[in-house]
């Protein structure tokens, strides 16, 4: 199971309570301001929905968290993950592209170093590409009226080696050309996978990629959840009818 529900919370123009003093509280206040929010004290909690408690004294921090929770706020308590309604990930920013790495409070240091590795991998132009795709949204809807067609076309364009490959510098300038010169989505594709084990690590690169792009996943009843969650979260799932003898390691993937 996921330890948390990953969400990006919009706080622009909203008050967010920050309880505490010193460097730790100042860092939380800066993060709130950077996200467009307005840091405020506990006396203004009735105007807020979120709160950060950054107090060195554990008992004082717990007492503040309980007061705020009783008012209906979601609370983050520094260095006390068991008291947190939400945790703060380590964030990588490329313009509108945000990549968040979380360990659910298990190790902020590990999250930070994973983020630093990703910093070195992800190109600086990702934000520009995201903005170009956003600006072309109406043109894409006109070119591909069906949502499935748009998703398939984007999948093909953004795939490794595709015309809008996110790891290729300058591809933000190619969005208009991609739409005008083709951008034709691939036809329906079906792939059958026979699993070698219940371990996701044993999937081949091709199998893992196909699961991640699937629109529909048909599977034997015995296929492990650890493998099925490698599919898109919004992909439709169906159990295949039991065979005689029953099969336990088969997945049929449909991309439409």
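The values are calculated or read from the model by the stated rules, or taken from the named source; none is laboratory data. Computed from a predicted model, the values in this text were never measured in an experiment. Reconstructed Cβ throughout: ideal geometry from the backbone, glycine too, with neighbour counts over all protein chains shown.
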Checklist entry - Is region 97-109 home to any residue that is touching a strand residue (DSSP E or B) at 6+ places or on another chain (Cβ under 8 Å), more than 30 Å from residue 125 (Cα to Cα) and touching a residue at least 12 places away in the same chain (Cβ under 8 Å)? => result no
Item to check | Candidate set: region 228-256, residues that are in a strand (DSSP E or B) and surrounded by 16 or more Cβ atoms within 10 Å (Cβ to Cβ); chosen: the one modelled with the highest pLDDT | outcome: 251
Checklist entry - Residues of region 30-68 being farther than 21 Å from residue 10 by Cα and touching a strand residue (DSSP E or B) at 6+ places or on another chain (Cβ under 6 Å), which ones? => result 54, 55, 61, 64, 65
Next on the checklist: Taking the criterion of being farther than 30 Å from residue 130 by Cα, assigned by TED's automatic domain parsing to the domain that holds residue 23 and free of Cβ contacts under 8 Å to residues at least 12 places away in the same chain, would at least one residue in region 73-80 satisfy it?
Outcome noted: yes
Checklist outcome for this item: When every residue in region 164-201 that is part of a helix (DSSP H, G or I) and more than 25 Å from residue 234 (Cβ to Cβ) is compared, the one modelled with the lowest pLDDT is 181
Checklist entry - Would a scan of region 69-76 turn up a residue that is in contact with a strand residue (DSSP E or B) (Cβ under 9 Å, 6 or more places away or on another chain) and more than 17 Å from residue 16 (Cβ to Cβ)? => result no
Next on the checklist: Pull out all pairs, ordered by first then second residue, where Cβ-Cβ is under 6 Å, the residues are six or more apart or on different chains, the first lies in region 20-42 and is within 17 Å of residue 75 (Cβ to Cβ), and the second is modelled with pLDDT under 95.
Outcome noted: 24/78
Item to check | The listed residue being at positive phi and touching a helix residue (DSSP H, G or I) at 6+ places or on another chain (Cβ under 9 Å), out of 13, 22, 105, 36 | outcome: 105
